[in-house]
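Chemist: One structure, as structure tokens, below. Some questions next.
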Amino acid sequence: MQIRPGGLDTPQVAALLAEHLDDMYRFSPPESVHALDLDRLRQPGLTFWSLWDGEAVLGCAALRELDPSHAELKSMRTAPAHRRRGVAGALLDHVVAVARNHGYSRLSLETGPTEEFAPARALYAGYGFSPCGPFGPYAVDEFSVFMTLDLAATLEP
């Protein structure tokens, strides 16, 4: 497995992100979907990675700067055929390390509250993320769970 910067121009990543957006709209009302499409993932202040095994994309993740001390984890996705194989953990290890190396003191995320998102919430909790209130561009929403990791106070898992 190899984590590569970018990949947004590949058909494999485009398909993975299309599937991600389809799922978000299936599990949440449109006004509560905060997933980014390909164009929005190309915005300044956002870094995107994809994880590959040969020509197969296994997953992806992104890091968006909110301010000089606070970043957001975005677009975490594992291809269904590769779930439960360490893909999400490898990506999360990478993003947390990059955030620490950049000097961010806090890394936050938004995910869903329903059963479909339970594996993601468990993964994040296992890494030390804890519930928090809305941050950055978000507002209170019954279809959102907000979590944050104090990078200054935690060690890598």
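Chemist: Compare G89, G128, G136 in a GNM of the chain, Cα atoms joined below 10 Å, and give the one with the largest fluctuation.
Modeler: The residue with the greatest mean-square fluctuation here is G136.
Chemist: I'd like to check one number: the per residue accessible area of segment 1-93, probe 1.4 Å, reported in Å² as a whole number.
Modeler: Ligands and nucleic acids excluded, the figure is 49 Å² per residue.
Chemist: Of all the accessible heavy-atom surface of the chain, with the other protein chains kept in place and a 1.4 Å probe, what percent is carbon and sulfur?
Modeler: On the chain, the fraction of accessible area on carbon and sulfur atoms equals 53 percent.
Chemist: How do D37, D141 stack up against each other in accessible area, from largest to smallest, with a 1.4 angstrom probe?
Modeler: Largest to smallest exposure gives the sequence D37, D141.
Chemist: Inverting the mean 1/r over all pairs of different Cα atoms, compute the Kirkwood radius of the chain and quote it in Å.
Modeler: Over the chain, the inverse of the mean reciprocal pair distance is 15.7 Å.
Chemist: From the Cα gyration tensor of segment 86-133, with a ≥ b ≥ c the square roots of its eigenvalues, which class applies: rounded if a/c is under 1.5, or else prolate if a/b is larger than b/c, or else oblate?
Modeler: oblate
Chemist: Say R0 is 22 Å: what FRET efficiency, to the nearest 0.05, do A56 and E116 get from their beta-carbon distance?
Modeler: 0.40
Chemist: Shifting gears a bit: Explain nothing, just the number: relative contact order of the chain, from Cα pairs under 8 Å at least 6 residues apart, as a whole percent.
Modeler: 20 percent
Chemist: Go ahead and run the numbers for FRET between A139 and N101, Cβ-Cβ distance against an R0 of 35 Å, rounding to 0.05.
Modeler: For A139 and N101, the calculated efficiency is 0.70.
Chemist: Place a +1 charge on the Cβ of each Lys and Arg in the chain and a -1 charge on the Cβ of each Asp and Glu, then give the dipole magnitude about the Cα centre in debye, rounded to the nearest 20.
Modeler: Here the size comes out at about 380 debye.
Chemist: On to the next question. According to the square roots a ≥ b ≥ c of the eigenvalues of the Cα gyration tensor, what is the shape class of segment 24-86, taking rounded for a/c under 1.5, prolate for a/b larger than b/c otherwise, and oblate for the remainder?
Modeler: Oblate.
Chemist: Can I ask one more? Restricting to Cα pairs below 8 Å that are 6+ residues apart, what does the relative contact order work out to for segment 27-66? Please round to a whole percent.
Modeler: 31 percent
Chemist: Let me ask something else. Which of the DSSP-defined H helices in the chain satisfy a minimum axial length of 20 Å, computed from C-alpha atoms, and a minimum mean Kyte-Doolittle hydropathy of 0.5?
Modeler: Membrane-span-like by this criterion, though nothing is claimed about a membrane: 87-102.
Chemist: Are there any GluC sites (Glu not before Pro) in segment 1-100 that are in a DSSP loop and have at most 11 other Cβ atoms within 10 Å? List them by number.
Modeler: Here the sparse-neighbourhood loop sites are E55.
Chemist: Determine the sum of side-chain charges near P134: Lys and Arg each +1, Asp and Glu each -1, restricted to other residues whose C-beta is under 11 angstrom from that of P134.
Modeler: Charge balance in the 11 Å sphere: -2.
The values are calculated or read from the model by the stated rules, or taken from the named source; none is laboratory data. Here the structure is a predicted model, which means the values were calculated and not measured. Quick reminder, even Gly has a Cβ in these numbers, built from the backbone with ideal geometry, and neighbours come from all protein chains shown. Side chains included, ligands, DNA and RNA excluded: accessible areas come from the protein's heavy atoms. Shrake-Rupley method; radii C 1.70, N 1.55, O 1.52, S 1.80 Å.
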